[in-house]
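The values are calculated or read from the model by the stated rules, or taken from the named source; none is laboratory data. Predicted model only: the values in this text are computed from it and were never measured. Note that we place each Cβ from the backbone using ideal geometry, even for glycine, and neighbour counts take in every protein chain shown. The protein model used for the area step is the full one, side chains on, heavy atoms only, and it has no ligands, DNA or RNA in it. Shrake-Rupley method; radii C 1.70, N 1.55, O 1.52, S 1.80 Å.
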Amino acid sequence: MLHFVPAEQARFIVNAFSGHMAAGSYLVISAGTSSDPDLREQFAAAYSPGPLVSHPQGEIARWFSGMELVAPGLVSATEWRPSSIWRSAEEGAPVIILAGVAHKTGRP
């Protein structure tokens, strides 16, 4: 849902949520991203009648600050289950959705 809110609000939402997570918990985030305006427009048209926010990879990565990313890290969503019904991203294909999982460390 973070690709429906501007960067400042998205950061606030993630910080509020992760701040209440117990040590040992996992945070899962997927968010729309693209530097190609035509691709963003196609994604928005297919995904929602409302506005979408395309968050840069660096911004999404900062949402995991203070946590340990789980392999394969912050990558195209298709890379998380490449052998499932999801088709693995072709080399050079544009990334539309980034996904990551991070472990909150610290004392339980």
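A compact table of results
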{"read-out": "Distance between modelled label sites at F12 and L39, nm, 7 Å Cα→Cβ extension", "value": "3.0"}
{"read-out": "Computed FRET value (nearest 0.05) for H20 with E79, which takes r as the C-beta separation and R₀ as 25 Å", "value": "0.30"}
{"read-out": "Between helix 7-19 and the chain: long-axis angle, C-alpha atoms, 0 to 90°, nearest 10", "value": "30"}
{"read-out": "Along principal axes, Cα extents of the chain, largest first, whole Å", "value": "45, 33, 21"}
{"read-out": "Per residue solvent-accessible surface (Å²) - the chain, probe of 1.4 Å", "value": "65"}
{"read-out": "Crossing angle, helix 37-47 versus the chain [Cα axis fit, 0-90 degrees, rounded to tens]", "value": "80"}
{"read-out": "For I97, distant residues with modelled amide H under 5 Å away", "value": "T33, A77"}
{"read-out": "Stretch in the chain that is longest and holds no GluC sites (Glu not before Pro) that DSSP places in a loop and that have at most 16 other beta carbons within 10 Å", "value": "1-89"}
{"read-out": "Accessible surface of the chain, 1.4 Å probe, proportion on carbon and sulfur as whole %", "value": "58"}
{"read-out": "Distance (nanometres) between label positions extended 7 Å along Cα→Cβ at A71 and H103", "value": "1.2"}
